[in-house]
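The values are calculated or read from the model by the stated rules, or taken from the named source; none is laboratory data. Everything quoted here is computed from the prediction, not taken from an experiment. Every residue, glycine among them, receives a Cβ derived from its backbone with ideal geometry; neighbour counts consider all protein chains shown.
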Amino acid sequence: MTLIRRETLRGGLSLGALTLLTGCDLSDHDSVQRVLARFSQWNDRVQAAIFSPGRLAPTFPEAMAVKDFRYNAWYGPDKAPRLDPAGYRLQLAGRIERKAPWTVEQLYALPQVSQVTRHVCVEGWSMIGKWSGTPLRTFLEQIGADTTARYVGFECADGYYEGIDMPTALHPQTMMAFRLSDEVLPMKYGYPFKIRIPTKLGFKNPKFVTTIYVTDKQPRGYWTDRGYNWFSGL
Amino acid sequence: MTTQVDEQRHPLSRRILHWVMALSMLVMIGSGWRIYNAHPIIPDFTFPEWATLGGDVQASLARHGDPGVASAIAWHFAAMWTLAIAYILFMAWGFVSGHFRRDFLPVTPRMVVRDMLAALRFRLAHRLGEYNAVQKMAYWGALAAVAVMILSGIAIWKPVQTYPLELLFGGFQGARLVHFLVMAGIVLFLVVHVMLTLIVPRTLLAMVVGRATERRHDTAETVR
């Protein structure tokens, strides 16, 4: 506790110095980053507390869904992984009873629902789209995942990795999206499926998922490792 | 002509809350500008990098492929707590203690117009420890603006958990626009606020040490 207080104090002093020294930005100092990380962890707890498992993200009329959805990644669409439908296998790991890998055919045969929801990017843009697929909850139940575990993690073919809290994984609108605008999810948008979570910021919606695991240890996230908030709920 | 000593007093609680809000607001503005730059509302208008908060953009880009937005958001979501808590305490204390009633009231449109005209003719005398109608209006405006910032900020931060709230602002993008426009209003207030402080530095002294005095020579021509 003393350490936290000392860091907070040092952060406060740095903050004061910041306003006096124009043009000097102390954000990159380790002590400042540590204080900001503490706030971010506090915000994780606050967000988990105000997340309501039964509250649905707003849905919109199908006419409002964008047909030509924005491509978004840190690499260009030509660099997006092209997974071979025949060779693809979804691997399962962690606290799951039935860990046999899944083929695209098996995944696409799962019961499906559709949603017209809004994708909100951490940068501030938002876009409404129509996604169809299987509720993640249905899939987790089918594979015998331990839903009393705390987290669900994802590994992706493009080197991306993400993880979410179990209440969000079990939320009725969290889905494995196989289709975008009624068409099989195009290669660049994350074929064979992306995790669509309308209660999370866009970067918590991983694409090209190759592994799903269930764990009690908070999974790291690609952008979280680069300083973004972990929970990032909406 | 009479001579009198005017006095301005700021109790410690008011001074602490004032400076916590001031610092928090600077952090919110600086980091908010960096976040704005990631997806500008006005096409082709971005804030100069040196005026934004969130570390070295080029280093962050080189290391992470992140345009320095992660740090800016971390600042923004840290200072939002200090700002909101200080603001709520300041408002509650301002109403309960009588500070607002004594110092920011009465104020009517007629008084504002009268003092505005007097100011434009350089006839508006400053009396330490007493606010003219334009100042009173500005303080109410700034306090109301912070409330709108907090509400539109919540609508942007939690558009699902607080869903109907964004409808007040015309949807999610509407809330972003309101958040941006009211920020501009607050920046304008801060510029004028600081300029006036520089013209009458004793007011700054009072907000730092708690008390300042000034001899006043009243003439018939000045309007209070």
Failed criterion for A:Ala93 (all others in (1) farther than 22 Å from A:Trp131 by Cβ; (2) hydrophobic (A, V, I, L, M, F, W, C); (3) not in a strand (DSSP E or B) hold): (3)
So which residues in segment A:177-226 are hydrophobic (A, V, I, L, M, F, W, C) and under 16 Å from A:Phe139 (Cβ atoms), if there are any at all? A:Ala177, A:Phe178, A:Leu185, A:Phe193, A:Ile195, A:Ile197, A:Val209, A:Ile212, A:Val214
Pull out all pairs, ordered by first then second residue, where Cβ-Cβ is under 6 Å, the residues are six or more apart or on different chains, the first lies in segment A:141-154 and is among the small types (Gly, Ala, Ser), and the second is exposed (fewer than 15 other Cβ atoms within 10 Å of the Cβ) and not in a helix (DSSP H, G or I). A:Gly144/A:Glu97; A:Gly144/A:Arg98; A:Ala149/A:Asp216
Mind checking which residues of segment B:164-175 are more than 9 Å from chain A (Cβ to nearest Cβ), of a type in the set (A, V, I, L, M, F, W, C) and in a helix (DSSP H, G or I)? B:Leu165, B:Leu167, B:Ala175
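Would you confirm whether or not segment B:134-150 contains a residue that is within 17 Å of the chain's Cα centre (by Cα) and of a type in the set (S, T, N, Q)?
Keep residues of segment B:134-150 that are within 17 Å of the chain's Cα centre (by Cα), which gives B:134-150.
Remaining after also requiring of a type in the set (S, T, N, Q): B:135.
Checking segment B:134-150: at least one residue is within 17 Å of the chain's Cα centre (by Cα) and of a type in the set (S, T, N, Q).
How many residues are of a type outside the set (S, T, N, Q) and part of a strand (DSSP E or B) when one looks only at segment B:186-213? Lay out the reasoning, then the answer.
To start, the set of residues in segment B:186-213 that are of a type outside the set (S, T, N, Q) comprises B:186-196, B:198-202, B:204-212.
If we keep only those that are part of a strand (DSSP E or B) as well, we get B:211-212.
Adding up the residues that qualify gives 2.
Got at least one residue in segment A:103-110 being without any contact (Cβ under 8 Å) to a residue 24 or more places away in the chain and in a helix (DSSP H, G or I)? Break it down stepwise before answering.
So in segment A:103-110, the residues without any contact (Cβ under 8 Å) to a residue 24 or more places away in the chain come out as A:103, A:105-106, A:109.
Still in the list and also in a helix (DSSP H, G or I): A:105-106.
So far as segment A:103-110 goes, yes, one or more of its residues are without any contact (Cβ under 8 Å) to a residue 24 or more places away in the chain and in a helix (DSSP H, G or I).
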Consider A:Asn43 against the criteria (1) buried (at least 17 other Cβ atoms within 10 Å of the Cβ); (2) at pLDDT below 95; (3) within 14 Å of chain B (Cβ to nearest Cβ): it satisfies all of them except one. Which criterion is unmet? (2)
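When segment A:31-69 is examined, which residues are found to be of a type in the set (A, V, I, L, M), farther than 14 Å from A:Lys200 by Cα and assigned to a helix (DSSP H, G or I)? So that I can check it myself, show each step before the final result.
Within segment A:31-69, the first condition is being of a type in the set (A, V, I, L, M), and the residues that meet it are A:32, A:35-37, A:46, A:48-50, A:56-57, A:63-66.
Still in the running and farther than 14 Å from A:Lys200 by Cα: A:32, A:35-37, A:46, A:49, A:63-66.
Those that are of a type in the set (A, V, I, L, M), farther than 14 Å from A:Lys200 by Cα and assigned to a helix (DSSP H, G or I): A:Val32, A:Val35, A:Leu36, A:Ala37, A:Val46, A:Ala49, A:Ala63, A:Met64.
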Starting from segment A:187-209, keep only residues that are acidic (Asp, Glu), then list their pairs with residues that are part of a strand (DSSP E or B) whose Cβ atoms are within a distance under 8 Å, requiring at least 6 positions of separation or different chains. none
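B:Leu151: surrounded by 16 or more Cβ atoms within 10 Å (Cβ to Cβ), farther than 18 Å from B:Ile42 by Cβ and either touching a His at 6+ places or on another chain (Cβ under 7 Å) or more than 9 Å from chain A (Cβ to nearest Cβ) (or both), yes or no?
Values: surrounded by 16 or more Cβ atoms within 10 Å (Cβ to Cβ): yes; farther than 18 Å from B:Ile42 by Cβ: yes; either touching a His at 6+ places or on another chain (Cβ under 7 Å) or more than 9 Å from chain A (Cβ to nearest Cβ) (or both): yes.
For B:Leu151, the condition - surrounded by 16 or more Cβ atoms within 10 Å (Cβ to Cβ), farther than 18 Å from B:Ile42 by Cβ and either touching a His at 6+ places or on another chain (Cβ under 7 Å) or more than 9 Å from chain A (Cβ to nearest Cβ) (or both) - is met.
For (1) within 13 Å of another protein chain (Cβ to nearest Cβ); (2) of a type outside the set (A, V, I, L, M), each residue gets a yes or a no:
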residue: B:Pro11; (1), (2): no, yes
residue: B:Asn37; (1), (2): yes, yes
residue: B:Asp44; (1), (2): no, yes
residue: B:Ala62; (1), (2): yes, no
residue: B:Pro67; (1), (2): yes, yes
residue: B:Ile85; (1), (2): yes, no
residue: B:Gly94; (1), (2): no, yes
residue: B:Gly98; (1), (2): no, yes
Is there a residue being closer than 30 Å to B:Gly174 by Cα, touching an Asp or Glu at 6+ places or on another chain (Cβ under 9 Å) and assigned to a loop (DSSP other than H, G, I, E, B) anywhere in segment A:113-129? no
Of residues in segment B:53-65 being surrounded by 19 or more Cβ atoms within 10 Å (Cβ to Cβ) and in a loop (DSSP other than H, G, I, E, B), the one nearest to the chain's Cα centre (by Cα): B:Leu53
Hey, among the residues in segment B:184-217 that are surrounded by 14 or more Cβ atoms within 10 Å (Cβ to Cβ) and among the small types (Gly, Ala, Ser), which one's farthest from B:Leu143 (Cα to Cα)? B:Ala212
Given the residues A:Phe60, A:Phe51, which is the only one that is within 11 Å of chain B (Cβ to nearest Cβ), aromatic (Phe, Trp, Tyr), closer than 18 Å to A:Phe231 by Cα and touching a residue at least 40 places away in the same chain (Cβ under 8 Å)? A:Phe51
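Could you check segment B:107-127 and list, in sequence order, the residues that are crowded, with 18+ Cβ neighbours inside 10 Å, more than 16 Å from B:His193 (Cβ to Cβ) and in contact (Cβ under 8 Å) with a residue 60 or more places away in the chain?
Narrowing segment B:107-127 to residues crowded, with 18+ Cβ neighbours inside 10 Å: B:107, B:115, B:118, B:124, B:126.
Next cut, more than 16 Å from B:His193 (Cβ to Cβ) only: B:107, B:115, B:118, B:124.
Within segment B:107-127, B:Asp115, B:Ala118, B:Leu124 qualify.
So which residues in segment A:198-219 are within 14 Å of another protein chain (Cβ to nearest Cβ) and within 22 Å of B:Ala74 (Cβ to Cβ)?
Let us first name the residues in segment A:198-219 that are within 14 Å of another protein chain (Cβ to nearest Cβ), namely A:198-205.
Matches in segment A:198-219: A:Thr199, A:Lys200, A:Leu201, A:Gly202, A:Phe203, A:Lys204, A:Asn205.
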All-but-one check, A:Gly163 against (1) assigned to a loop (DSSP other than H, G, I, E, B); (2) within 29 Å of A:Val66 (Cα to Cα), failing number (1)
Please pick out the residue among A:Tyr189, A:Tyr222 that is of a type outside the set (A, V, I, L, M, F, W, C), closer than 26 Å to B:Leu61 by Cβ and within 14 Å of chain B (Cβ to nearest Cβ). A:Tyr222
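Just one of B:Glu7, B:Glu49 is at pLDDT below 95 and in contact with a Ser or Thr (Cβ under 8 Å, 6 or more places away or on another chain); which is it? If you could, list the steps in order and put the result at the bottom.
Working: B:Glu49 fails: in contact with a Ser or Thr (Cβ under 8 Å, 6 or more places away or on another chain).
Checking each option against the conditions leaves just B:Glu7.
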For the structure I just gave you, tell me whether B:Arg114 is farther than 16 Å from B:Ala138 by Cα and either within 14 Å of another protein chain (Cβ to nearest Cβ) or among the basic types (Lys, Arg) (or both). no
Qualifying residues in segment B:205-224 (those that are at pLDDT 85 or above and of a type in the set (A, V, I, L, M, F, W, C)) - the one farthest from B:His18 (Cα to Cα): B:Ala212
